[in-house]
Amino acid sequence: MNEIAKRGSPTPVAPSGVEVILRTMGLTKRFGSLTAVDGLNLEVRRGEVLGFLGPNGAGKSTTVGMILGLIAPTAGRVEYNSVSLKQIGAIIEAPAFYPYLSGRDNLRALALASGDVPPGRIDDLLEYVGLADRPKSPYRTYSMGMKQRLGIASTLLSDPALVILDEPTNGLDPAGQREIRSLIPQLAREGRSVLLASHLLHEVEQVCDRVAILRRGKLLQTGTVSDIVGLGGLLEIQVAEPERAAEIIRALPFVQSVSVQGERLSVAAPEERGADISRALGDANLYVTAMSVRHSSLEDVFLELTETEAGPETEGD
Amino acid sequence: MLPLLRSELFKLSHRMMTRVLLLIAVGALLGAYLLLGLAGESEEGDVLEDLRIGAVHDNGMFIVYQVGVILTVTLAASSIAGEFSWGTVRTLLPRAAGRSSFLTAKLITLGLFVIVVVLLGFLAALLGSVLVTAINDLDSSLGDNFAGRLLGSMVRAAYVIVPYAALAFVIALWSRSSAAGIAIPIVVFYAEVLLTPLFTSTESLEWLPDALIYSGNISSILDSDAVLEEGQLPGRWQAAGVLAAYVTAFISLAYGRFLTRDIT
C-alpha cells in the first residue's frame, strides 16, 4: 500500500491495527518573523524506526524540542498516546552531559532525576554501549564516539517507549557506526519506536521503516522508504530528435519532468508508462533506440525535494 | 521533586568546584583570623580584642558574610548557567517532574550550600579565634549565652547572603552566563558601598540606602556602621523585610523566565 502523504495533506492515518504513540497536529513554531516549523502533521507508530530528514535549519531539532516540551509551540499540539514524556529517551543535536562527572555518574545523576531507574541498569547500559571499562573517567576526557555511546545509554535509562536520536553515529568509527545501525532495528524489535534524525541518508535507508522529509519547517513527504524512493524513478530514453521528443513527452499528463542531455532524455514518470511514451513518440515518427529505468536512492529523492526552490507542488498548496 | 533534589545534591557533592569553594570558606576565615591575629599582636590591641573567642559571633559573622557572598554568588551563577552552557538542561528537563521542580531543586540545593558555607565559616572562625586567643593570651571568657549569640549570628550571616545568591541566580538564568551572574552582584555590592555617601549627602536621595540591599538593610542586620552611621540604619525587622522582598522578586523573575523560556 502506498502510504505517501504530501505537504498540505491532512494528518497521516496509520493503517488499522498500527498503534500511533505520538502525533503532532498542525505543529508550528515561529521565532519572530522566522517560521521554523510550519503546520507539521507527523505520527510515530509503535515499534517503527522513523527517519526524520531535512537539511540544516529545516526545523528537525525545533520539532524534537517541541515533542520533548523544551520549546512551546506557537500553534498546534503534540499528542502522546500511551506514552508519557518521561518515557521518551532523547539525544538532541549532540550528547550533553556534565563534564566533571564520569560516564557512570552522569547516568546516575540522570537516573536520580528520573527516580524510576532500577538498580543495576546503569552498569548494564555501560556494558551494552561498550563503556564499562572506563567507568571513572570524566566525561570531558571522552572521545566523540564515547560521548555518543553514553548518549545512547542515557536514552535507554528509563526503558523508553520512544527513542529520539539526532545524528547518533556522529564521530563514531566505521565499526561503531555499524554497531549503532544494528542497535536501532533492535530497539524497534523490542517494541520501542525510534525517531532518527540524520543527514546520513544511506544510514536512514538501511534502518528506517518510514521517513519524513522536512524543508523550511514544512513536511514535504512521509512514507515508507520504498515508496519514497519509488517517487524518484527516472526513465532514460535515447531518441534521434531529443528536443522535439521532449516537447511531445512533456505534453503527456503522467510526466512530471523531462530533461535533455545530448541525445538522451531523463523523464520523471512512473516506470509502467514507458510503453505509453514510446507509443506517443512513434505516433510522431520518432523512434526510441534505447530505454532504461534508473532507480533513485533516498539521497536522490531527498536532494530533489529539498533543493527545489519552491518544493514540490501538491494539491491544496 | 525529591528525585531532582537528590540528583542536584549528587551533582553538587561530586563537583570539584563545590569542594574548592568550601575549602576557600575555611581557608579564608582561618587565614583572616591568623593573619590579623599575628599582625595585630604588637600594635593594634583593639583588633585583637575583636578577634578573641568571645567576640567571634560578631567579627566572624562579618567575615563569613563577606566571603560567603562571593562563594555563593559563584556557585549560584554556575549552577544554572552551566546547565545551559553544557546543554544538560536539554538532557535533564524531559526527565524532570516539571520545570518548576527543576528550579526549586536547584534553589533548595543553593540554600543548603549557603548553610554549609556559613557553618564551615563559623567553625573556621571559631578555630581561628581560639588560636588567636591562645597565641596572644587574650581574655578567653565567652560571655553570656555564647551559643545563642553564635547561632543568631549564623542565621543573620546566612540571611544576608541569600539576596546576592538569588540575584546571581536570576542574572545567570536570564543571560545563560556564569560570568554575568557572578559579576553583576559583585558590581552591585561595590556600587552600593561607593555610591551610598553620595546618596546620603543628596537630600532628594537620602531615602535610597534604606531601599538598597547592602547599604541600609544588610548593614542593619549585621550591626555594621561601615557604610552608614548607626542612627541612619533602618530597624532590623524592616531591613529583613526589604531583603525578603528582594529575594522574592529575584526568585519570581527566575521562575517567570524559566517556565516560559524555550530551551533551544
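The values are calculated or read from the model by the stated rules, or taken from the named source; none is laboratory data. A quick note: this is a predicted structure, and the numbers were derived from the prediction, not measured. Neighbour counts are summed over all protein chains in view; Cβ atoms, including those assigned to glycine, are modelled from backbone coordinates with ideal geometry.
Observations, loosely collected:
- The number of residues in region A:97-126 being buried (at least 20 other Cβ atoms within 10 Å of the Cβ), more than 7 Å from every other protein chain (Cβ to nearest Cβ) and either among the aliphatic types (A, V, I, L, M) or closer than 18 Å to A:LEU85 by Cα (or both) comes to 6.
- When residues in region A:37-57 are screened for being surrounded by fewer than 23 Cβ atoms within 10 Å (Cβ to Cβ) and more than 15 Å from A:VAL194 (Cα to Cα), 6 of them pass.
- The sole residue among A:ARG178, A:ARG134, A:ARG192 that is of a type in the set (Lys, Arg) and crowded, with 22+ Cβ neighbours inside 10 Å is A:ARG192.
- Only one of the numbered conditions (1) away from chain A (no Cβ under 14 Å); (2) closer than 30 Å to B:ALA97 by Cβ is violated by B:LEU12, and that is (1).
- Residue among A:LEU265, A:LEU281, A:LEU303 that is without any contact (Cβ under 8 Å) to a residue 40 or more places away in the chain and part of a helix (DSSP H, G or I): A:LEU303
- Meets criteria (among the hydroxyl-bearing types (Ser, Thr, Tyr), out of contact with any helix residue (DSSP H, G or I) (no Cβ under 6 Å at 6 or more places or on another chain) and at pLDDT below 85) for A:THR306: yes
- Test: residue in region B:40-63 that is assigned to a helix (DSSP H, G or I), buried (at least 22 other Cβ atoms within 10 Å of the Cβ) and within 14 Å of chain A (Cβ to nearest Cβ): no
- Sub-6 Å Cβ pairs linking a first residue in region A:53-65 that is facing another protein chain (nearest Cβ under 10 Å) to a second residue that is among the acidic types (Asp, Glu), at least 6 apart or interchain, are A:SER61/A:GLU93, ordered by first then second residue.
- Selection within region A:159-175 - surrounded by 14 or more Cβ atoms within 10 Å (Cβ to Cβ) and either of a type outside the set (Gly, Ala, Ser) or over 18 Å from A:GLN186 (Cβ atoms) (or both): A:PRO160, A:LEU162, A:VAL163, A:ILE164, A:LEU165, A:ASP166, A:GLU167, A:PRO168, A:THR169, A:ASN170, A:GLY171, A:LEU172
- Selected residue [touching a residue at least 40 places away in the same chain (Cβ under 8 Å) and closer than 30 Å to A:ASP116 by Cβ] from B:LEU51, B:LEU93, B:LEU34, B:LEU126: B:LEU93
- Count - residues of region B:78-108 that are under 24 Å from A:THR62 (Cβ atoms), among the polar types (S, T, N, Q) and either assigned to a loop (DSSP other than H, G, I, E, B) or more than 9 Å from chain A (Cβ to nearest Cβ) (or both): 2
- Within region B:15-39, the set of residues being within 14 Å of chain A (Cβ to nearest Cβ) and either assigned to a helix (DSSP H, G or I) or at pLDDT 95 or above (or both) comprises B:MET16, B:MET17, B:THR18, B:ARG19, B:VAL20, B:LEU21.
- Set side by side, the residues B:LEU151, B:LEU107 differ, and just one is among the hydrophobic types (A, V, I, L, M, F, W, C), farther than 29 Å from B:TYR190 by Cβ and within 25 Å of the chain's Cα centre (by Cα), which is B:LEU151.
- Residue within region A:12-28 that is buried (at least 17 other Cβ atoms within 10 Å of the Cβ) and among the charged types (D, E, K, R) present: yes
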